[in-house]
Amino acid sequence: MKILLPFIVISLLFPLTVAANNPADSLLQVLKTEISRKERYDRKMEARISGLRTAYRQSKLQNLNSQYQATLHLFDIFRDYQFDSTYHYVQHLIVLSTQMRDEKKLAENRLRMGMTLITAGMFKETFDCLREIRPALLDSSTKKSYYILYSWAYSDLAKYNGDRIYAPQDMRRKYLYLDSAIALCTPGSFERAILEAQQEPKPGRHPINYFLKLSKMKLSLHEEAMVATGLSTYRQGPEKIRLLATAAINDVRSSTYRALALLSLGTALYDQRKIEDGYFFLQQALQQANKFGSRLQRYQVIHMLSTVAATKEKLAAEERQRFLIYLASVVVFAVITSLIGFIIFVQFKKVRSDERTIRATNQILAVKNQKLWEDGRIKEEYIGYFFSELSRYIIKLDKFKNNAQRKAKSGSVEELLRLLEQVDIPSERHEFFATFDRIFLKLFPDFVDAVNVMFAPEDQIKPKKKGSLTAQLRIFALMRLGINKNETIAGILQYTVNTVYTYRFRAKSKALVSAEDFEQRIMGIQVVAD
């Protein structure tokens with residue numbers, strides 16, 4: 001099965017030997033020209049998609065195998081073009097595999113689903129897909145891709161976490177799966193060498209050595225692009241810009257929107273203090289991310305774009321200050337001429353235009369950040385409301401049972417008593433707790449580990465089974481949802497207020513952090529994105 005190698009990006013449209021003869025600045029101008037023509041390239045892509053969709057509609061009149069092949073073609077063409085469509089067609093591939101009762105195809109398509117989800121930063125869902133795959137069903141080629149995806153997922157997860165607790169563990173898993181993938185590659189092949197370049201650096205085994213070795217091989221254009229992209233990581237100055245500009249040109253010409261070449265190029269230009277070019281290409285990267293539809297890709301671009309916009313605004317302010325000093329000097333020496341007045345007008349107009357652009361961009365960023373905050377707030381409020389209502393229902397049911405029993409006993413209504421005895425309040429409460437645990441851990445899968453980090457090993461709280469919480473952990477869970485009063489927590493969990501107070505006091509006294517820091521760190525545990 002044809003699956004792209006992770007960690008490697010962008011196929012070049014022409015050989016490295018040709019691109020090497022073009023200065024970096026010339027390639028940037030070529031890239032700007034190609035960006036102005038991108039609608040022309042997109043129309044060609046849409047025409048190809050239209051043809052494949054026609055074939056897809058016709059395949060519905062044929063057998064399942066024809067439908068499967070037509071759907072696979074659409075998945076392949078959308079993979080780097082649009083996330084939502086890619087996700088739609090890989091879902092359909094899974095459905096067709098199930099209808100065909102082909103376990104091997106089903107495993108392959110779950111692998112495709114995992115590769116689709118990881119591009120959007122959906123780590124949990126990616127691992128869920130991988131866990132559903134039975135490796136015994138995979139041939140050596142597909143199993144190799146299976147190991148590569150695991151390595152890719154752990155690598156991206158380590159970068160996303162970026163901490164001292166989980167990131168080192170994720171990187172160790174990445175290298176273990178990468179070694180398994182390398183073992184299935186043909187010795188001396190390009191694929192094996194490019195994966196070896198991703199291994200953990202050790203004395204005598206630096207990634208750049210593999211890339212330099214690869215650059216001496218007879219390679220296809222796509223393979224040369226992989227090498228160029230890898231080399232750009234270890235190059236600085238004009239050479240780095242040349243490699244990334246070449247990759248970005250290829251993205252535009254091939255209508256590839258699942259790519260980070262423009263983001264990397266804008267970042268590199270910003271690092272080299274080429275603010276205007278960096279800002280321009282980051283704006284193009286944002287358009288590219290919006291077109292593809294990946295939340296992770298959009299977040300990465302917006303994060304960098306806000307940094308560059310702030311620097312650009314600072315430089316604009318400095319430019320205005322220099323302008324005022326220049327104007328004061330001109331007034332002092334009384335040499336204002338019509339030519340100088342024209343220059344001042346042009347410069348002032350340019351500054352105002354830059355201010356409007358920066359202001360508009362900051363407004364967009366503010367709206368997006370506000371939306372993200374609101375989404376999280378709504379989710380927490382809804383969950384708190386849901387469980388409060390559920391707890392209230394159980395209490396009400398308990399009171400109803402007791403009242404009904406008293407009335408039945410006074411009237412000797414035996415049938416009513418037997419009916420009421422069927423109401424099992426402990427069972428209802430147990431189900432309530434189980435539901436609470438399941439939904440909460442879906443939102444906060446790392447909650448138990450995050451809490452236990454604050455305790456010594458002998459004081460850590462271990463649930464009896466996976467996917468459940470202890471009484472003490474449920475109290476912390478409600479605190480994380482914003483329910484902090486002991487009376488409210490006691491009412492929801494059906495404990496006494498003293499019991500809740502005791503649990504909280506004991507936890508704070510045993511914690512390795514201060515009581516104030518303990519609750520702040522509880523509230524700081526992050527919700528996993530849907």
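Please treat every number below as a calculation from the coordinates, not as lab data. If you're wondering where the values come from, they're calculated on a predicted model, not measured in any experiment. Cβ coordinates were reconstructed from backbone atoms using ideal geometry, including for glycine residues, and neighbour counts include every protein chain displayed.
Classify the stretch 124-169 as rounded, prolate or oblate, taking a ≥ b ≥ c as the square roots of the eigenvalues of its Cα gyration tensor: rounded when a/c is under 1.5, otherwise prolate if a/b is larger than b/c and oblate if not. Because a/c hits 1.5 or more and a/b exceeds b/c, the stretch 124-169 counts as prolate. Looking at the stretch 152-218, the trypsin sites (Lys or Arg not before Pro) that sit in a DSSP loop and have at most 12 other Cβ atoms within 10 Å of their own Cβ are 164, 216, 218. With the simple spin-label model, which puts each label point 7 Å out from Cα in the Cβ direction, the residue 438 to residue 458 separation comes to 3.8 nm. Model label points for residue 521 and residue 141, set 7 angstrom from Cα along the Cα-to-Cβ axis, are 5.0 nm apart.
For the residues 430, 206, what sequence is obtained by ranking on other C-beta atoms within 10 Å, fewest first?
Values: 430 11, 206 14.
Listing 430, 206 from fewest to most nearby Cβ atoms yields 430, 206.
Full extension of the chain between residue 494 and residue 509 gives 3.0 nm of extra length, using 0.36 nm per residue less the Cα-Cα distance. Extension gain for the segment residue 332 to residue 164, taken as residue separation times 0.36 nm less the Cα-Cα distance, is 54.5 nm to one decimal.
Beyond 26 Å between alpha-carbons counts as too far, so tell me which of 174/466; 401/442; 124/159 fall in that bin. Long pairs (Cα-Cα over 26 Å): 401/442. In this rough spin-label picture, where each label sits 7 Å from Cα along the Cβ direction, the residue 63-residue 91 distance is 2.8 nm. A cut-off under 10 angstrom between Cβ atoms defines the neighbours of residue 180, and their net charge, with Lys, Arg +1 and Asp, Glu -1, is +1. The H on the amide N of residue 455, modeled in the peptide plane, is under 5 Å from the matching H of 512, each at least 5 residues off or on a different chain. Listed from fewest to most Cβ neighbours within 10 Å, the set 348, 281 follows the order 348, 281. Put in line by how crowded their Cβ is, counting other Cβ atoms within 10 Å and starting with the fewest, 231, 137 read 137, 231.
Applying 1/(1 + (r/R0)^6) with R0 = 25 Å to the Cβ-Cβ distance of residue 47 and residue 287 gives a FRET efficiency near 0.75. Residues of the stretch 423-439 with an amide N closer than 12 Å to a point placed 7 Å from the Cα of residue 528 along the Cα-to-Cβ direction: 439. When the C-alpha to C-alpha distance is required to be over 26 Å, the pairs from 38/216; 314/349; 104/464; 60/104; 144/240 that qualify are 38/216; 104/464; 144/240.
For the stretch 16-259, just say rounded, prolate or oblate: build the C-alpha gyration tensor, square-root its eigenvalues into a ≥ b ≥ c, call rounded for a/c under 1.5, and beyond that prolate if a/b exceeds b/c, oblate if not. Cα axes put the stretch 16-259 in the oblate bin.
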